[in-house]
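One structure is given here, and the rest of the page talks about it.
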Amino acid sequence: MKTNSLFAIVLILSGCPETPTQGPVDAGTPDAGAAPLGYCAANGLTEKAFSAEAPTAFQRRQPAGDFSVPLPYDETFTLSERWSGCDSYVFLPNNLPISRVDPTSVWGTDFAALIGNSPRNVHYFFVIAGNGGSAATRDLQGLRANIEIFLATLSDDDYDHWLGRLHTIRGNTSSLEDGLVKSMFATPVGVKGWAIDRFQNLRGLGSLADVNAYSQGLKDQDMWPWEARLFSLGFEAQYFNFEADRQQRLDAEEVTEITVFDGSVIEQFGEASVSLPAAATMAGFDTMEFDILMECPNKEQAEFGNCGAWDYLAHVWLRDEADENWLEMGRAITTYHRESRWLIDASWALAWLQNGGERRIKYEWAPSWNKQPTGVTFKLRLSNQGKGVAARSLVPIFTGGPLNSTSNERDAALFNVPADATKVELVVLTTGHGMDAQNCAEFCAHSHHFTLAGTTFDQEFPDVGNQSGCAETSNEGTTPNQGGTWWFGRGGWCPGQMVTPFIRDLTPLVSAGSEGSISYEAKINGRAPFDNAGKIELRAYAVFYH
């Protein structure tokens, strides 16, 4: 039930618990500061046991261990006492300005928008940076007022939920006792904010620039025109939830894992020979995934200015020993300035690997003229997920190229369906690039249409034109809060996201042992393409399963 407004602020600042319930596993009695009993399960969230393992260095992805911070009214927040097993914890200083010309703290922006953009399983901690001062005091007073206003708008249930998740740390970063929180704010990794993710690991924060906070005044001064807002912070917690869900799935699978790259820093691309299982073993796999972690080369520094600055195509290539070409098995797009991890499903490409043995894989993510040194961990995951069929062979049918008025001047593609095929799929990798005419093909509404036996399969990109289209997929694996215009919806891709193949079942339209004929047509805004409309990176295959 809601309390009066004055008392509400007291509770917020003192870290009042949500509900008196159980504490850490070894606690003898229920702890008044713990999350509610069964909180994770009740919300469908995976639960991790608390770990006291402390970081060996204050770097990203190190174990966080425990921490305590003082809250107003002589209260203390201790992680081990409040650990639910499924929350994330985000720390933000007051000295992040709205823009280069507006030094006002981002704390003063719309607090309700932050919560509206946040999942419910996050704690926010606000701390004055350095030694404080009168301006910092005003920042804190304004933040408290905004929290109070926000809480007053909530239902009783939401009020009770958020009451114990919004924390203002007493004092400032200089006055804190030695420990995790003080140390993190003293590092380049954490000085502008940091987090503890749902694995209880340390993480950095990205840019808080908001696509909805465009300033023409900044643009007129040749400055970055998007101002910072608290709203953007919510994307970090969304992404932490995505990572936890992904890991739950990975942990539940029995896989054969092959390391391609071990995390060493590579400048532009890496090649490696991998030893696949023998053909008889490969025949038992129906699923192949690429688990790729891209880390900044300097673990001691923040991500911005450390990780690669540009959104480049990242290709996974397989060496075709027969004709010495490179075959594309997967695709992603690098981030602007942030670390990322992708799990790319390339099960269809098992068709190239049936013989097993030694194969050559190349992973390439930057042009030769603008290398982006990156620590790359690449693991190939092979498993049997009980699909009943696996890709055994394939035929290339179409490739992309310049998008223009001649793009559709091509014949239908013919392919022979193996006599023993039990399933046939169309698999297409498509991304649009370039901005020569009408922002094509990166930002225009191009579409791709494949027709077989009178049935047309339409590959369209509805997020084109949605200025926050990519940001809205942070909960689906797009790395949040990058630099650059990461938010904008694009033609087939997002910065910091893997490219998902377009896959359609052709089985009802073909017969085993017969010939199929499929045609292709590209469109822009539903009409024939015009000239100078950028480039389409497209590879389409007919894939045969049995």
task: Determine Rg/Rh for the stretch 427-481; Rg is computed over alpha-carbon atoms and Rh is the Kirkwood hydrodynamic estimate from the same atoms.
output: 1.05
- request: Count charges around LEU343 for me, please; just the other residues with Cβ under 13 Å from its Cβ, Lys/Arg as +1, Asp/Glu as -1.
  value: -4
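Could you state, as a whole-number percent, how many of the C-alpha pairs of the stretch 389-546 are farther apart than 27 Å?
In whole percent, the long-distance tail amounts to 30.
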message: Would any residue of the stretch 514-546 have its amide N under 15 Å from a label point 7 Å out along Cα→Cβ of ASP436? List them or say none.
response: 529-537
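Largest first and in whole Å, give the semi-axes of the stretch 141-238's equivalent ellipsoid, each being the square root of 5 times a Cα gyration tensor eigenvalue. Display every interim value, and only then the final one.
Numbers: eigenvalues 132, 102, 43 Å².
Largest first, the stretch 141-238 gives 26, 23, 15 Å.
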message: With just the Cα atoms defining each centre, how far is the stretch 476-505 from the stretch 122-160? Give it in Å.
response: 33
- request: Quick one: order GLU339, GLU328 by neighbouring beta-carbon count within 10 Å, fewest to most.
  value: GLU328, GLU339
query: Among residues other than SER275 whose Cβ falls under 10 Å from its Cβ, what is the net charge (Lys/Arg +1, Asp/Glu -1)?
result: 0
field: For the chain, calculated [θ]222 nm from helices alone, where every DSSP H run of n ≥ 4 adds -39500 (n - 2.57)
entry: -4500 deg cm²/dmol
- request: Kindly rank 91-97, 459-465, 531-537 from highest to lowest mean number of other beta carbons found within 10 Å of each residue.
  value: 91-97, 531-537, 459-465
field: Length gained when the stretch THR281-SER134 is fully extended (0.36 nm per residue, less Cα-Cα span)
entry: 46.0 nm
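Around SER215, under 11 Å between beta carbons, what's the net of Lys plus Arg minus Asp minus Glu among the other residues?
-2
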- line: Dividing the mean separation of Cα pairs under 8 Å (6+ apart) by the residue count of the chain yields a relative contact order in percent of 14
query: By count of other Cβ within 10 Å, fewest leading, how are TRP493, TRP326 ordered?
result: TRP326, TRP493
- request: May I ask you to derive the relative contact order of the stretch 214-368, considering only C-alpha pairs under 8 Å and at least 6 residues apart, and to give it as an integer percent?
  value: 28
field: Cross-link partners of LYS523 among lysines (Cα-Cα below 26 Å; sequence separation of 8 or more within a chain)
entry: LYS535
- request: Enumerate by residue number the trypsin sites (Lys or Arg not before Pro) in the stretch 112-210 meeting two conditions: DSSP loop (anything except H, G, I, E, B), and at most 10 other Cβ atoms within 10 Å of the site's Cβ.
  value: none
Gyration tensor (alpha-carbon) shape descriptor, the stretch 350-420, a/c threshold 1.5: oblate
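Using Stokes-Einstein with the Kirkwood hydrodynamic radius over Cα pairs, what translational diffusion coefficient do you get for the chain at 10 °C and a viscosity of 1.306 mPa s, in µm²/s rounded to a whole number?
Calculated translational D: 62 µm²/s.
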field: Debye intensity ratio in log₁₀ form over the Cα atoms of the stretch 5-237, taken at each q of 0.10, 0.15 Å⁻¹
entry: -0.45, -1.04
task: Identify all aspartates and glutamates with a Cα-Cα distance to LYS48 below 16 Å; exclude those on the same chain that are fewer than 8 residues away in sequence.
output: ASP26, ASP66, GLU81, ASP87, ASP197, GLU243, ASP245, ASP251
statement: What the Cα atoms of the stretch 253-388 span along the principal axes, largest first and in whole Å, is 47, 35, 20
statement: Highest mean packing first, using Cβ neighbours within 10 angstrom, the peptides 42-53, 511-522 sort as 511-522, 42-53
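Any read-out appearing in this document is the output of simple, stated calculations on the displayed coordinates, not a laboratory observation. Computed from a predicted model, the values in this text were never measured in an experiment. We place every Cβ from the backbone using ideal geometry, glycine too, and count neighbours over all the protein chains shown.
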